[in-house]
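Below: the structure, in structure tokens.
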Amino acid sequence: MVTVSAAEHPASPDSSLPPTLGAELRYRAKHLPEPAMTLGELMDMLGARVSALLILVCALPFCAPITIPGLSTPFGIVIAVLAARYAAGLAPWLPRRLRAVALPPRIVARVLEGGGRVVGWFERRLRPRWDWVADAPWKLRLHAIVILLSALLLMIPLPPFPPFTNTLPALTIVLLTMSSLERDGAAILAGHALFVGTLGYFAFWGAVVWETFRRLVPALTG
């Protein structure tokens, strides 16, 4: 989301690019440079739709119910920065240190190829509806705030248990990004509902951990 729509920017300067995000991700996967690339180089390569594409690339690896050690925090930071700038009406930008992060080409290619298939699945099912949810730029910026909050949850360095602590924020990010791009108001509201459910899930496990800690401390010290 943090995004310009396809209608506003049909393609990046390369007019040979496919018009849809899913097709563009798959195209990019096949045209990556051989040597290792940096996050900044990936941003430059993604072109006009850099915010949407980069947010999806960073969130999609966490949509599966598995833990990817060490990646949720930096990827969450990238999503949070892009979402915050979009919500503030600013152009896409990342700090120099983040732009300098090296990305293995094979992993990037796999993420782009797999992401293209997932994004294509969403694109075939989402459609413009419930215009009142996404009929103005300021409304889209409000939805970007929820993407930002979801990115903050994704950034929390949690152990593998409890499960889904990466999956639920990532799914919220992907759903809100895609539904905002497609101006699908019903799906946007579903994304907000998923975010509320994610907050409830985190609150539940937070209460479990606190109660366990509260009971263990007297037992260990007494």
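Which one is modelled with the lowest pLDDT, of the residues in the range 138-162 that are farther than 17 Å from A190 by Cα and open to solvent by less than 50 Å² (accessible area, probe 1.4 Å)?
P162
Could you tell me which residue of the range 192-222 is farthest from the chain's Cα centre (by Cα), considering only residues that are over 19 Å from I156 (Cα atoms) and at pLDDT 95 or above? Lay out the reasoning, then the answer.
First, the residues of the range 192-222 that are over 19 Å from I156 (Cα atoms): 192-193, 211-222.
So of that shortlist, the ones also at pLDDT 95 or above come out as 192-193.
Numbers: H192: 14, A193: 17 Å.
Going through the qualifying residues, I end up with A193.
Looking only at helices (runs of 4 or more DSSP H) that lie completely in the range 41-139, which have at least 3 residues being over 21 Å from T20 (Cα atoms)?
Because the criterion is at least 3 residues that are over 21 Å from T20 (Cα atoms), the helices (runs of 4 or more DSSP H) in the range 41-139 that meet it are 72-87, 96-99, 105-125.
Taking the condition of being open to solvent by 20 Å² or more (accessible area, probe 1.4 Å) and assigned to a helix (DSSP H, G or I), how many residues in the range 163-180 meet it?
Count: 3.
For the range 183-200, how many residues are outside any helix (DSSP H, G or I) and either open to solvent by 50 Å² or more (accessible area, probe 1.4 Å) or among the β-branched types (V, I, T) (or both)?
So in the range 183-200, the residues outside any helix (DSSP H, G or I) come out as 183-184.
Next, from what is left, pick out any that are either open to solvent by 50 Å² or more (accessible area, probe 1.4 Å) or among the β-branched types (V, I, T) (or both): 183.
The number of residues fulfilling the criteria is 1.
Can you find, within the range 111-137, the residue that is surrounded by the most Cβ atoms within 10 Å (Cβ to Cβ) among those that are in contact with a Pro (Cβ under 9 Å, 6 or more places away or on another chain) and within 20 Å of V78 (Cβ to Cβ)?
G115
Identify all residues within the range 201-214 that are of a type outside the set (A, V, I, L, M, F, W, C) and surrounded by 10 or more Cβ atoms within 10 Å (Cβ to Cβ); write none if there are none.
Y201, G206, E211, T212, listed by residue number.
Can you name every residue in the range 21-73 that is open to solvent by 30 Å² or more (accessible area, probe 1.4 Å), at pLDDT 80 or above and among the charged types (D, E, K, R)?
The answer is R26, K30, E41, D44.
The values are calculated or read from the model by the stated rules, or taken from the named source; none is laboratory data. Worth saying up front: this structure is predicted, and the values here are computed from it rather than measured. Methodologically, a virtual Cβ is constructed for each residue, glycine included, from the backbone with ideal geometry; neighbour enumeration extends over all protein chains shown. These accessible areas exclude ligands, DNA and RNA; they are computed on the full protein's heavy atoms, side chains included. Shrake-Rupley method; radii C 1.70, N 1.55, O 1.52, S 1.80 Å.
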